[in-house]
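Engineer: I have a structure I would like to understand better, so I am pasting it below and will then ask my questions one at a time.
Where a number appears in this text, it was derived from the coordinates with a stated rule and is not lab data. All of these numbers come straight from a predicted model, not from anything done at the bench. Note that we place each Cβ from the backbone using ideal geometry, even for glycine, and neighbour counts take in every protein chain shown.
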Amino acid sequence: MPCLARYRGTTRSSADPCRRPGAPARHGCDSASATSGLVLRCRRGQLRTRGRQPMTDGLRVAVLGLGGMGQPMAANLIRAGLPTVVWNRRPGPAQQLGAEGAEVANSPADAVRRADVVITMVTDADAVYAIAADQGMLAAMAEGAVWAQMSTIGVAGTERIAQLVGERRPDVVLLDAPVAGSRGPAAQRQLVILASGPEQVRDRVAPVFDALGQRTVWAGPVGAGSRIKLVNNLLLAFLAEGIAEAVALGAALGLDRSAVLGALQGSPLVSPWAAEKLDRIGRDEYGPQYSLALGLKDVKLALREVDVDRFGVAGSLAGQWQRAVDRGLGDEDITVITRALQR
Ligand SMILES: NC(=O)c1ccc[n+]([C@@H]2O[C@H](COP(=O)([O-])OP(=O)(O)OC[C@H]3O[C@@H](n4cnc5c(N)ncnc54)[C@H](OP(=O)(O)O)[C@@H]3O)[C@@H](O)[C@H]2O)c1
């Protein structure tokens, strides 16, 4: 893995090859012990540690947005031994991560100043833009740093962000890297990262993406990751709707719900994802893993890019989900549509 010294064009002290002259010691690089493991060697930016902490590249990461996804993602970066700075609009989630070893920043600008890789994980394109442009994140980023934009913001949103970077900070390397997988997979480091962007930084961000997910799919230039994400989430929306309508049909036919769920168990039609959702429906558990409001946002992002007359079923699904959101169900899991259909 290349040392950051090379892409920043700076020299490093011989005691700590990962460290800029005069900069404070990086996590674990020049002491006998790291926070959660013994440092055996630091060569070309690599930390090798013994104990529960895997090898990392000593990259300093900033995570902005600590909701259902950003919070467990940041926790995994900390667990992987990557020095991590966190910021969230509401301070609570950041303070919680502070107790787990993160550095807590008071503003987006403070969070990113010394970061090699900046991750944004917030609701939508407007939130990303507000943090980056209005709250000074982009202006404060270190020269040549990488911005991994991981929120789901669709094609137009990604183009808007790419234009912002091109106009204001062309030295910053933008990666469009949304993720597949919800809160559980995020906590278990099982996300799939749908990454796109310049090839020359792929090795550089690998330790970060490896700490977040099971797999990184490099899809092409910026915009490709977001396109694949929309494909993934439209499929997911139809699966959720299929489950909801099937279970609701069972109820309408007078069948006992547990009999319906039992009959579907082990069916080749039921993917592991669907099986988990059916299990939760069986327990009437609709706490958000992937909220209905976010699901609707993503279907709308897909519909924005196509001729809606040719995608009539997706349009109809969006209408039905919008009515459920208008009834106050937006913060529940997408599976709550099952309950909505039975009323
Ligand atoms: N949940 C999933 O299953 C899933 C899976 C894959 C991808 N995603 C995508 O990942 C992103 C985050 O999802 P999530 O589940 O973490 O959402 P969430 O739990 O609703 O959290 C949203 C986050 O965005 C922040 N935020 C919203 N508007 C903001 C603004 N104007 N300025 C600053 N911060 C703002 C919130 O800050 P506060 O805490 O201060 O409100 C919070 O940290 C979304 O784009 C979503 O579509 C979600």
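Engineer: What does the net charge come to around GLY65 if you take all other residues with beta carbon closer than 12 Å to its beta carbon, with K and R at +1 and D and E at -1?
Structural biologist: +1
Engineer: Still on this structure, I have one more. For segment 116-158, what D do you get in µm² per second when you plug the Kirkwood radius from alpha-carbon pairs into Stokes-Einstein at 10 °C and 1.306 mPa s?
Structural biologist: Translational D for this selection: 149 µm²/s.
Engineer: Taking the Cα centre of segment 91-172 as the origin, how large is its charge dipole in debye, to the nearest 20, when only Lys and Arg (+1) and Asp and Glu (-1) carry charge on their Cβ atoms?
Structural biologist: About 60 debye.
Engineer: Would you mind putting 268-280, 111-123 in packing order, based on average other-beta-carbon counts within 10 Å, highest first?
Structural biologist: Per-residue mean Cβ counts within 10 Å order the peptides as 111-123, 268-280.
Engineer: In a shell of Cβ-Cβ distance under 13 Å around ILE243, excluding ILE243 itself, what net charge do Lys and Arg (+1) and Asp and Glu (-1) give?
Structural biologist: Spelling it out: positives minus negatives among the neighbours equals -1.
Engineer: State, to one decimal in nm², a quarter of the convex hull surface area for the C-alpha atoms of segment 59-221, i.e. the direction-averaged projected area.
Structural biologist: 7.8 nm²
Engineer: Would you give the gap between the C-alpha center of segment 193-254 and the C-alpha center of segment 327-343, rounded to a whole Å?
Structural biologist: 22 Å
Engineer: How much net charge surrounds ALA302 when only other residues with a Cβ under 13 Å from its Cβ are counted (Lys, Arg +1; Asp, Glu -1)?
Structural biologist: +3
Engineer: Taking 0.36 nm per residue of separation and subtracting the Cα-Cα distance, what length does fully extending ARG257 through GLN188 add?
Structural biologist: 21.8 nm is the gain from fully extending ARG257 to GLN188.
Engineer: Evaluate segment 227-341: find the radius of gyration of its Cα atoms, find its Kirkwood radius, and give the ratio Rg to Rh.
Structural biologist: 0.97
Engineer: Which whole-Hz ³J(HN,Hα) couplings does segment 127-136 yield from phi under the Karplus relation 6.51 cos²θ - 1.76 cosθ + 1.60, θ = phi - 60°, glycine and proline marked x?
Structural biologist: 5, 4, 5, 4, 5, 6, 9, 6, 9, x
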